[in-house]
Amino acid sequence: MNYTRGNLARKKKLVSSRRNLQTKRVGVRLFKALLICLILACLTGVAGVLFFIQGIIANTQPITLSQVQPQHQISFVYASDGTQIDQFVAAGANRVIVGYDAVPRYLRDAFIAIEDARFYSHNGVDLHGLMRAFFVGVASGGNFTEGGSTITQQLIKNNIFPNFMEEVTFRDRLERKLQEMYLAIQIEQQMTKEEIMEAYLNTINLGQNTLGVEAAARRYFGKSVSELTISESAVIAGITQSPGTLDPVLNPEANAYRRKIILENMYDQELITHEQWQEALADNVYERIRITVSEADVIPSTYFVDEVQRHVFRDLMERRGYTDTQAFNAMFRGGLTVETTKDLRIQQIVDDEVANDANFPANVQWGLDFQLSIYRENGEIEHFSREMLANYIRNTWFRAYPLIFYSYDEALAAIDEYKSTLNIAEGDRLNPFIHITPQPQASVTVMNQYTGHVLAINGGRGDKITRLAFNRASAATRQPGSTFKTLAVYPPAIDTHGFTLATTIEDEPLRTKADINSTTGTLSIGVLREYVLRLNTR
């Protein structure tokens, strides 16, 4: 380095030269301009984001408390002694609503541990959870799969935005997410945490066509939600994130991994003790899970319940003025409690007697009900009815009663022969309906004559395989014949004309003073009046 006096003078002159000072000023000004532009750009971006958010919020429809409550649930049917005998349920309504206190604390804690650890402290939106989800997404290269939604937001999503699975673009998801957060803050100001939790637990999809924790407890463990253990609660809570991939029946390994995380979170958050944690981990809970639904869930309704359904449906329309759709929704999604007059003891006697072959002739025949749809490989669909089969049998087998057969196997042979004439190709798909019932048929209705209550109904012999099947007890109309006398003749005679059960009536022509006009063969008005008077005084 040259530190001589001359060199220092030259450097001082160079630094203090006008040209260099102007160059520095230009650089400083450019830096300031660039900094100002950057600040303005940031402010513009923030303003744009705020304007975008404000626009979304302005377009968000206000909601009421009723809208965040689960809308559909099962209707139950009960016998006269309070026993549940059936249920009416449609798709999207397999739900049994239960109160907050009916749900075990550790089931509520299981959902909190895995879905929303700060549920009781946030105002509907968990900023800590959102930031965590954002940074995890950035760290994973833009794969934003980490959940940041609170339980309140999930409640809003499920009940206000049920079609969220159909979202395609990022803008759609972002717009819905912002509306979710805005509405979640609003709802938190109107509902208590307990009310939000209750609505959430009764809303969520828990796989296997079950909605809410009560329906899930019945489906997977055959018990009420109030009876669940900690281990079982973790299984159900683990389904929520993805009801398909975490289904404990179809994917027990995936559910077990999620269940383990839930139990660990519950222990870490001091929601369960160390002993409870270890006991739950050691529980081989998947051995107790019902792989299939119970027989009671899949067998068709009885003839009695079919009649209840028809009458309730008709009453809703006639007495309440419901439309057809409104009546259906009330019955199958409205959570009705239908109390009936059915006497289970009498119904069992009736069913046993109708099923007892000893009560019928020995030469049993078989009646056939048949329908067939053929989905052709080329996309065409053809339908074949029982009448078409009857015409074929009548013309080829020369049967007067073409759908009555001497054996069960003969009925099946008739179906096979008929199908051979339908040009069924190898790629065609068949959808048959076959119901073969013993003949002769029978039906029974038992009533309490004092109250008019129907105690039991059986609409026919043989297996009942469909809901609202043909009910011979109510739909097979026949001429009453002499049975009508028990109503139209004997009661009036006993009640108003002094007859008793011991009264005898001579079997002879009724003698009157009738003056028969031999020309016209008619009774005169006077003679007819005297005849009627005599009948009324006998």
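Taking segment 310-331 as the range and being among the β-branched types (Val, Ile, Thr) and over 23 Å from residue 475 (Cβ atoms) as the test, the residues that pass are 323, 325. Within this structure, residue 171 fails the test of being at pLDDT below 85 and buried (at least 17 other Cβ atoms within 10 Å of the Cβ). Is there a residue being of a type in the set (Asp, Glu) and buried (at least 17 other Cβ atoms within 10 Å of the Cβ) anywhere in segment 313-324? No, the conditions are met nowhere in segment 313-324.
Can you find a residue in segment 187-210 that is over 25 Å from residue 69 (Cβ atoms) and hydroxyl-bearing (Ser, Thr, Tyr)?
Looking only at segment 187-210, we keep the residues that are over 25 Å from residue 69 (Cβ atoms), and these are none.
The answer is no; no qualifying residue exists.
Identify all residues within segment 375-427 that are within 37 Å of the chain's Cα centre (by Cα) and of a type in the set (S, T, N, Q); write none if there are none. Of everything in segment 375-427, those that are within 37 Å of the chain's Cα centre (by Cα) and of a type in the set (S, T, N, Q) turn out to be 378, 385. Among residues of segment 467-487 that are over 19 Å from residue 370 (Cα atoms) and among the aromatic types (Phe, Trp, Tyr), none has a Cβ under 6 angstrom from a residue that is at pLDDT below 85 and not in a helix (DSSP H, G or I) at a sequence gap of 6+ or on a separate chain. Take the conditions (1) out of contact with any helix residue (DSSP H, G or I) (no Cβ under 6 Å at 6 or more places or on another chain); (2) over 30 Å from residue 234 (Cβ atoms); residue 370 misses just one of them, which is (1).
Would you confirm, using the coordinates I've provided, whether residue 257 is in contact (Cβ under 8 Å) with a residue 12 or more places away in the chain, surrounded by fewer than 19 Cβ atoms within 10 Å (Cβ to Cβ), in a helix (DSSP H, G or I) and of a type outside the set (D, E, K, R)? Full working, then the answer.
Details: in contact (Cβ under 8 Å) with a residue 12 or more places away in the chain: no; surrounded by fewer than 19 Cβ atoms within 10 Å (Cβ to Cβ): yes; in a helix (DSSP H, G or I): yes; of a type outside the set (D, E, K, R): yes.
The answer is no for residue 257.
Checking residue 208 against (1) in contact with an Asp or Glu (Cβ under 8 Å, 6 or more places away or on another chain); (2) within 23 Å of residue 272 (Cβ to Cβ), which test does it fail? Residue 208 satisfies every listed condition except (2). Looking across segment 269-280, the residues that are assigned to a helix (DSSP H, G or I) and without any contact (Cβ under 8 Å) to a residue 24 or more places away in the chain come down to 274, 275, 277, 278.
Taking residue 442 as the residue in question, decide whether it is part of a loop (DSSP other than H, G, I, E, B), at pLDDT below 95 and closer than 23 Å to residue 475 by Cα. Break it down stepwise before answering.
On the way: part of a loop (DSSP other than H, G, I, E, B): yes; at pLDDT below 95: yes; closer than 23 Å to residue 475 by Cα: yes.
Judged against the criteria, residue 442 is a match.
When each of 455, 430, 372 is tested for being assigned to a strand (DSSP E or B), farther than 30 Å from residue 307 by Cβ, under 32 Å from the mean Cα position of the chain (by Cα) and not small (Gly, Ala, Ser), the lone residue that passes is 430. The residues on offer are 14, 8, 50, 30, and the sole one that is modelled with pLDDT under 85, closer than 30 Å to residue 153 by Cα, surrounded by 10 or more Cβ atoms within 10 Å (Cβ to Cβ) and not hydroxyl-bearing (Ser, Thr, Tyr) is 50.
Residues considered: 314, 310, 345. Of these, the only one that is closer than 27 Å to residue 222 by Cβ and in a helix (DSSP H, G or I) is 345.
Just a yes or no: is a residue in segment 232-254 in contact with a Gly (Cβ under 6 Å, 6 or more places away or on another chain), among the charged types (D, E, K, R) and farther than 20 Å from residue 100 by Cβ? Show your work before the answer.
Of the residues in segment 232-254, the ones in contact with a Gly (Cβ under 6 Å, 6 or more places away or on another chain) are 239, 243, 246-247.
Okay, now just the ones that are also among the charged types (D, E, K, R), so 247.
Those left that are additionally farther than 20 Å from residue 100 by Cβ: 247.
The answer is yes, given that some residue of segment 232-254 is in contact with a Gly (Cβ under 6 Å, 6 or more places away or on another chain), among the charged types (D, E, K, R) and farther than 20 Å from residue 100 by Cβ.
None of 137, 148, 124, 129 is closer than 17 Å to residue 199 by Cα, over 26 Å from the mean Cα position of the chain (by Cα) and either surrounded by 14 or more Cβ atoms within 10 Å (Cβ to Cβ) or at pLDDT 90 or above (or both) except 124.
Is one or more of the residues making up segment 390-402 in contact with a strand residue (DSSP E or B) (Cβ under 8 Å, 6 or more places away or on another chain), free of Cβ contacts under 8 Å to residues at least 60 places away in the same chain and either within 21 Å of residue 463 (Cβ to Cβ) or not β-branched (Val, Ile, Thr) (or both)? No, segment 390-402 contains no residue that is in contact with a strand residue (DSSP E or B) (Cβ under 8 Å, 6 or more places away or on another chain), free of Cβ contacts under 8 Å to residues at least 60 places away in the same chain and either within 21 Å of residue 463 (Cβ to Cβ) or not β-branched (Val, Ile, Thr) (or both). Close contacts from segment 83-104, counting a first residue that is over 27 Å from residue 234 (Cβ atoms) and a second that is hydroxyl-bearing (Ser, Thr, Tyr), with Cβ to Cβ under 7 Å and a gap of 6+ residues or different chains, come to 84/78; 85/78; 86/301; 87/75; 88/75.
Go through (1) assigned by TED's automatic domain parsing to the domain that holds residue 183; (2) modelled with pLDDT of 90 or more; (3) buried (at least 19 other Cβ atoms within 10 Å of the Cβ) one by one and return the number of the condition residue 85 breaks. Every listed condition holds for residue 85 apart from (1).
What number of residues within segment 183-223 are in a helix (DSSP H, G or I) and at positive phi? Before you say what the answer is, go through the steps one by one.
Within segment 183-223, the subset in a helix (DSSP H, G or I) is 183-188, 193-203, 213-221.
Still in the list and also at positive phi: none.
Residues flagged as in a helix (DSSP H, G or I) and at positive phi within segment 183-223 amount to 0.
Within segment 348-369, the set of residues being loosely packed, with under 15 Cβ neighbours inside 10 Å and part of a loop (DSSP other than H, G, I, E, B) comprises 356, 361, 362, 363, 364.
The values are calculated or read from the model by the stated rules, or taken from the named source; none is laboratory data. In this text, all values refer to a predicted model and were calculated from it rather than measured experimentally. A quick note on method: Cβ atoms are made from the backbone with ideal geometry, for glycine too, and the neighbour counts reach across all protein chains shown.
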